[in-house]
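Some notes on the structure that comes next.
The values are calculated or read from the model by the stated rules, or taken from the named source; none is laboratory data. Treat the numbers as computed from the prediction; the structure is a model and nothing was measured. With ideal geometry, Cβ positions are generated from the backbone for all residues, glycine too; neighbour counts draw on all protein chains shown. All accessible areas refer to the heavy atoms of the entire protein, side chains included, with ligands and DNA or RNA removed. Shrake-Rupley method; radii C 1.70, N 1.55, O 1.52, S 1.80 Å.
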Amino acid sequence: MKKLTLLITLVLSNPVQADSYLSPPDLPPLAAVATALNNTPTVREATANLGVVAANKDRLRAGGYETSVRLNVQQRHTLVPNNNYNEWDIGLERTLRLPNKARIDYALGDQGMVQAHYILGDALHESGRVLLTSWFNWLREYYQSQQWQTEVGNLQEQVRIVNKRVKAGDAAKLEQLQAEAALSQAQAQLAGAGLRVATARNELRSRYPAISLPANPVLPQPEPVTDPLEVWQQRTMEHHHELAIAHAETQRYGLMLSRSEADRIPDPSIGLRYANERGGEEKVLGINLTMPIPGGGRKASQQMAAANQLVATERELGVRTKIQTETTNTWLATQSAYTAWQASEAASAAMRRQSDLMVRAYQLGESGLTDVLNARRLTQEADLNAINSRLAAAQARYRLLLDTHALWPIDADEEGHEPVK
């Protein structure tokens with residue numbers, strides 16, 4: 001129990017090297033992210049699993065054979081002469097694990113620890129993805145709510161202008177009703193946006209209490225991804241935990257195949273026997289050797305191990321193909337999102353200029369209120385789309401950085417392990 005507690009403590013207290021990762025201002029602080037990820041249920045489960053695998057490693061090293069003690073007590077009766085003798089014998093016996101089997105068992109234990117560390121890394125990676133998604137969901141709802149707040153303010157000003165014109169006799173009562181209806185619709189949208197941002201904030205706080213949400217978060221500034229796809233493919237393949245787990249599983253089944261092949265030769269048992277016979281008149285000291293005769297079950301076990309290794313190999317190839325496809329799709333999405341953000345920013349700026357011109361024209365009596373409200377509606381849609389595009393572009397780039405372990409500390413588990421090629 002002490003070893004398990006120490007192991008978990010060491011993993012959870014693994015220091016974060018701040019110079020090894022990014023800490024952009026539009027994301028939570030790096031230290032808070034590390035604490036939050038280490039305390040998610042999946043990561044804590046994977047950390048606790050290290051203790052299970054460490055115990056199994058000790059079991060494999062110790063082997064499954066134990067020393068047996070045998071004690072026999074009997075009474076001998078002879079007819080000539082007519083005597084009764086009390087007799088007993090005691091023996092020690094142990095099955096000996098052949099050296100090559102012990103070597104494979106040691107390797108299986110070590111391989112189990114490698115795989116358990118990659119499972120921990122995969123839990124950190126998946127928790128990082130969930131955190132990144134939750135963070136951007138909150139940013140998206142927050143800035144949409146801010147945009148609706150701005151729109152409500154603009155429409156309140158428009159209602160004030162219309163009311164002033166109605167009182168002066170320069171506008172019909174119908175325009176006042178139109179302006180008030182537009183304001184009410186915007187206020188309803190603002191209420192819905194407020195609920196969504198509160199829900200997203202609650203989700204973040206509940207899942208990651210170590211992360212403090214700023215009152216005024218930094219609006220992300222998207223950056224282009226200039227490296228070609230091949231570079232990101234290589235980086236992802238070197239660090240992807242799912243591929244590392246599949247590769248480690250293939251290696252483990254290879255060791256199990258070697259173990260089953262070694263089991264074709266049974267392990268011998270050797271024993272020491274001491275007997276006291278004829279009431280102590282005879283003392284017997286002996287050594288016995290037992291060698292099982294192998295049957296068909298051992299060959300069947302070997303065949304099953306070979307089939308399992310083939311299955312693991314095919315699974316690893318499938319995982320590799322899936323990761324390559326996912327990385328390509330993510331890279332393409334990053335390129336598209338950045339282009340879409342630039343276009344949406346241009347559209348938003350153009351719509352704002354048009355809306356300002358329509359408001360000025362209305363104030364001068366050169367356009368109707370319907371044109372102004374339509375322009376404001378289109379501008380609001382363009383502004384919301386620009387916000388969503390900006391956040392989507394930033395999130396896509398951060399997702400690429402996360403998958404290549406350049407964003408957050410999710411690769412501390414890989415110390416001492418070679419990357420999968």
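When a/c is below 1.5 the answer is rounded, else prolate if a/b is larger than b/c, else oblate, so apply that to segment 57-170 with a ≥ b ≥ c taken from the square roots of the Cα gyration tensor eigenvalues.
It comes out prolate by the Cα gyration axes.
Keeping all protein chains in place, calculate the accessible area per residue for segment 24-140 (probe 1.4 angstrom), answer in Å².
Result: 50 Å² of accessible area for each residue.
Which whole-Hz ³J(HN,Hα) couplings does segment 138-144 yield from phi under the Karplus relation 6.51 cos²θ - 1.76 cosθ + 1.60, θ = phi - 60°, glycine and proline marked x?
Result, rounded to whole Hz: 5, 4, 4, 5, 4, 6, 5.
Keeping all protein chains in place, calculate the accessible area per residue for segment 227-363 (probe 1.4 angstrom), answer in Å².
Result: 56 Å² per residue.
Give me the angle, in degrees from 0 to 90, between the Cα long axis of helix 229-239 and the longest principal axis of the Cα atoms of the chain, rounded to the nearest 10.
Here the helix axis deviates by roughly 40 degrees.
If contacts are Cα pairs under 8 angstrom and at least 6 residues apart, what is the relative contact order of segment 293-421 in percent?
29 percent
Less than 11 Å Cβ to Cβ from ASP267, Lys/Arg counted +1 and Asp/Glu -1: what total charge do the surrounding residues give?
Computed value for this residue: +2.
Calculate the FRET efficiency for MET291 and GLU45 from the Cβ-Cβ distance with a Förster distance of 35 Å, rounded to the nearest 0.05.
0.20
Residue by residue, what Karplus-based ³J(HN,Hα) values in Hz, rounded to whole numbers, does segment 146-158 have, using 6.51, -1.76 and 1.60 with θ = phi - 60° and x for Gly and Pro?
Per residue, the Karplus-derived 3J(HN,Hα) values read 5, 5, 5, 5, 5, 5, 4, x, 5, 6, 4, 5, 5 Hz.
So what is the relative contact order for the chain, in percent, with contacts set as C-alpha pairs under 8 Å and at least six apart?
This gives 24 percent for the chain.
Tell me, what is the 1.4 Å probe accessible area of THR35, in Å² to the nearest 10?
70 Å²
Any idea what log10 I(q)/I(0) is at q = 0.06, 0.14 Å⁻¹ for the chain, Debye with uniform C-alpha scatterers and no solvent?
-0.48, -1.23
Provide the packing ranking of 273-286, 194-207, i.e. peptides ordered by the mean count of other C-beta atoms within 10 Å per residue, highest first.
Highest mean packing first, the order is 194-207, 273-286.
Would you compute, for the Cα atoms of segment 301-421, the largest minus smallest coordinate along each principal axis and list the three values in descending order, in whole Å?
Here the Cα extents, ordered largest to smallest, are 91, 29, 17 Å.
Any chance you could run the full-extension gain for LEU195 through ALA275? It's 0.36 nm times the residue separation minus the Cα-Cα distance, nm to one decimal.
Between LEU195 and ALA275, full extension yields 20.2 nm more.
Quickly rank 149-162, 294-307 as a protection proxy: mean count of other C-beta atoms within 10 Å, highest first.
For the peptides 149-162, 294-307, the packing ranking is 149-162, 294-307.
Ignoring ligands, DNA and RNA, how do SER258, SER389 rank by accessible area with a 1.4 Å probe, largest first?
SER258, SER389
Just need the Rg to Rh number for segment 255-301, please, alpha carbons only, Kirkwood Rh.
1.33
What's the carbon and sulfur percent of segment 276-421's accessible surface, probe 1.4 angstrom, rounded to a whole number?
Result for segment 276-421: 55 percent of the exposed heavy-atom area is carbon or sulfur.
Which ³J(HN,Hα) values in Hz, rounded to whole numbers, follow from the phi angles of segment 374-379 under the Karplus curve 6.51 cos²θ - 1.76 cosθ + 1.60, where θ = phi - 60° and Gly and Pro get x?
After applying 6.51 cos²θ - 1.76 cosθ + 1.60, I find 5, 5, 5, 5, 5, 5 Hz.
7 Å from Cα along Cα→Cβ at both VAL69 and ARG298: what's the point-to-point distance in nm?
Distance between label points: 3.1 nm.
Mind giving me the nanometre distance, one decimal, between the label points for ALA215 and ASN83, set 7 Å out from Cα along Cα→Cβ?
So the label points at ALA215 and ASN83 sit 10.5 nm apart.
Could you tell me what percent of the accessible area of segment 70-165 is made up of carbon and sulfur, with a 1.4 Å probe and every protein chain present?
Within segment 70-165, the accessible surface is 53 percent carbon and sulfur.
Order 395-404, 367-376, 263-272 from most to least packed using the mean count of other Cβ atoms within 10 Å.
The most tightly packed comes first, giving 395-404, 367-376, 263-272.
Show me, bin by bin at 10 Å from 0, the whole-percent P(r) of segment 189-325 based on Cα pairs.
That works out to 9, 16, 14, 17, 14, 11, 8, 6, 3, 2, 0, in percent per bin.
With a 10 Å cut-off between alpha carbons and a GNM built on the chain, which of LEU364, LEU391, LEU27 moves the most?
Looking only at LEU364, LEU391, LEU27, the largest GNM fluctuation is found for LEU364.
Helix 41-62: angle to the longest alpha-carbon principal axis of the chain, degrees 0 to 90, nearest 10?
So the helix axis and the longest Cα principal axis differ by about 20 degrees.
What translational D, rounded to a whole number of µm²/s, comes out for segment 76-115 from Stokes-Einstein when the hydrodynamic radius is the Kirkwood one over Cα pairs, at 4 °C and 1.567 mPa s?
87 µm²/s
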